[in-house]
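Trainee: Dumping the structure here so I can ask a few things about it.
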Amino acid sequence: MSKDINLQSSDKDIIEDFLNGNGTAFNLLVLKYRKKVYWVIRKMVIDHDDADDITQEVFLKLYKSLNDFRGDSSLFTYLYKIAINYSLNHLKKNKKKYEREKFLDEDSHNIKDENADTEALVDKSEKEKLLKEAILILPAQQRAVFSLRFYEELSYEDIGKILDKSVGGLKANYFHAFKKIQAFLIEKKQKGLID
């Protein structure tokens with residue numbers, strides 16, 4: 001590795017070092033972005049193992065395509081685009097699996113843990129679980145927009161670059177996703193599953 005290339009180096013410098021034959025420079029890109037990419041994927045596919053596998057696929061794709069990266073967008077945008085596309089493809093291929101998990105998760109809410117040490121911890125865990133369930137009901141495109149906007153707090157302009165969609169369309173997707181999640185949570189509240 002070049003002496004002056006490190007995690008604080010610009011993506012451009014790291015990529016240039018990699019393209020000039022320093023294979024270990026790629027490891028810096030992985031270290032720099034792995035967590036961010038993993039969590040974007042995890043918010044969409046929910047399952048840790050699936051998210052971990054997809055994250056590996058994303059970095060394999062980056063490794064193979066870095067020669068073709070023109071720098072028209074930031075590396076961050078390029079990576080997110082790959083991550084979202086792989087996540088959407090995974091969701092389409094595994095639609096039945098996710099529907100089955102959603103059904104099983106709904107049944108598990110009827111079981112109360114009498115031995116919970118702290119009510120706040122259980123309450124937080126339940127809310128997170130309910131939000132994950134709500135996200136599972138969203139169509140893939142809405143799930144992507146919701147995850148990037150809600151969890152990653154990206155602007156609609158940045159999401160538009162990642163998904164190649166118009167800002168107006170993204171706002172509509174987010175609005176519909178939000179309404180579906182809200183309706184899901186209201187239904188759960190009416191059934192007495194949340195306070």
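Trainee: Here is a list: 185, 170, 193. Which entry is at pLDDT below 90, assigned to a helix (DSSP H, G or I) and of a type outside the set (S, T, N, Q)?
Mentor: 185 is the lone residue from the list that is at pLDDT below 90, assigned to a helix (DSSP H, G or I) and of a type outside the set (S, T, N, Q).
Trainee: For segment 22-61: of the residues being among the aromatic types (Phe, Trp, Tyr) and over 20 Å from residue 12 (Cα atoms), which is modelled with the highest pLDDT?
Mentor: Here the residue is 38.
Trainee: If a residue has to be outside any helix (DSSP H, G or I) and more than 13 Å from the chain's Cα centre (by Cα) to count, how many in segment 29-75 make the cut?
Mentor: 6
Residues are listed down the side, and each one gets a yes or a no for (1) among the β-branched types (Val, Ile, Thr); (2) surrounded by 13 or more Cβ atoms within 10 Å (Cβ to Cβ); (3) free of Cβ contacts under 8 Å to residues at least 60 places away in the same chain:
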site: 21; (1), (2), (3): no, no, yes
site: 25; (1), (2), (3): no, yes, yes
site: 29; (1), (2), (3): no, yes, yes
site: 32; (1), (2), (3): no, yes, yes
site: 41; (1), (2), (3): yes, yes, yes
site: 48; (1), (2), (3): no, no, yes
site: 53; (1), (2), (3): no, yes, yes
site: 69; (1), (2), (3): no, yes, yes
site: 75; (1), (2), (3): no, yes, no
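The values are calculated or read from the model by the stated rules, or taken from the named source; none is laboratory data. These numbers were taken from a predicted model, which means no experiment stands behind them. Note that each Cβ is placed from the backbone with ideal geometry, even for glycine, and that neighbours are counted across all protein chains shown.
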